[in-house]
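Where a number appears in this text, it was derived from the coordinates with a stated rule and is not lab data. Everything quoted here is computed from the prediction, not taken from an experiment. Positions of Cβ are generated from backbone atoms using ideal geometry, with glycine treated the same way; all protein chains shown enter the neighbour counts.
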Amino acid sequence: MRATLTALWGEVRKGLLISWTYKANMLVSILTLGFIFVGIAFFMGGGELDPERIASSLVGYLVWMYVVQAISDLTYGLRGEISAGTLEQLEMSPAPAGLLLIGRVITNFTITTLQVALMATVMRLLFNVRVSWRLEALPALLLTLVGVLGFGYLLAGTMLVFKQVESFSNLMNNALAFLNGTFLPVSAMPGWLAGISMSLPSTLGIVVIRGILLEGKTLADTWYEGSLGWLAVNAVLYLVVGIAVFWICERAAKNRGSLGQY
């Protein structure tokens with residue numbers, strides 16, 4: 001257990017040091033995401049930037065940022081290990097490689113939280129976008145991140161087998177931005193598309209978090225209406241399926257002797 005925790009902390013520390021070393025890149029990244037959000041909100045608003053409408057979209061967009069960073073970190077992170085020839089060393093750790101990825105996710109979520117706080121502050125100062133940040137939304141966010149983690153494991157597993165999954169990863173990142181209800185409400189989608197949207201790892205989380213932050217609902221309210229319960233089910237299913245797919249793909253790559261091949 002001690003060796004596992006040490007290895008896990010090593011992954012967290014390494015990720016934080018790398019991010020700090022390339023902090024300029026992180027700043028440019030948050031600026032880019034900010035410009036993209038304002039641009040999309042401007043066009044979706046018909047050339048207007050209504051603070052209330054932006055607040056609703058901002059909540060969804062900030063959750064989407066967690067999704068993008070988690071998917072990118074797990075897939076591109078492992079891809080980087082393969083390119084550097086260090087993936088097999090990672091597999092030789094006393095802790096399972098799948099568990100060590102959690103260290104990277106912890107680092108990722110920590111950095112993303114700082115980016116989210118910075119972006120929310122800028123939106124408030126520049127466009128008077130006010131969101132009532134409440135701790136009651138934290139459990140819903142954590143459940144959403146559990147589902148996102150499972151989705152990341154699923155993509156990371158496919159990367160171990162197929163190696164080149166960047167196009168699919170980018171497709172999913174962009175699709176999630178427009179299908180998870182960030183800019184276009186799920187209620188405005190056709191029935192079949194709304195069904196797909198509600199099955200994604202972030203849509204239900206956005207619905208619950210919006211209800212708490214923008215509509216003044218409590219966790220009890222979201223539980224009684226069913227959205228929080230379905231969010232929990234969605235998160236657990238994604239985590240279980242994601243870990244299972246990662247484990248199967250990891251074993252398949254090892255059996256083929258292609259784990260560290262690029």
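Observations on the model:
- Förster radius 25 Å - calculated FRET efficiency between residue 184 and residue 25 (Cβ-Cβ, nearest 0.05): 0.25
- Residue exposure sequence - 105, 38, 240 - by fewest surrounding Cβ within 10 Å: 240, 38, 105
- Per-residue Cβ neighbour counts within 10 Å put 33, 101, 138 in the sequence 138, 33, 101, beginning with the fewest.
- The modelled label-to-label distance for the pair residue 215/residue 192, using points 7 Å beyond Cα in the direction of Cβ, is 2.8 nm.
- Point-to-point label distance, residue 256-residue 138, nm (Cα→Cβ direction, 7 Å offset): 4.3
- Applying 1/(1 + (r/R0)^6) with R0 = 30 Å to the Cβ-Cβ distance of residue 244 and residue 18 gives a FRET efficiency near 0.55.
- Counted residue by residue at 0.36 nm each, then reduced by the alpha carbon distance between them, the extension gain from residue 175 to residue 225 reaches 15.3 nm.
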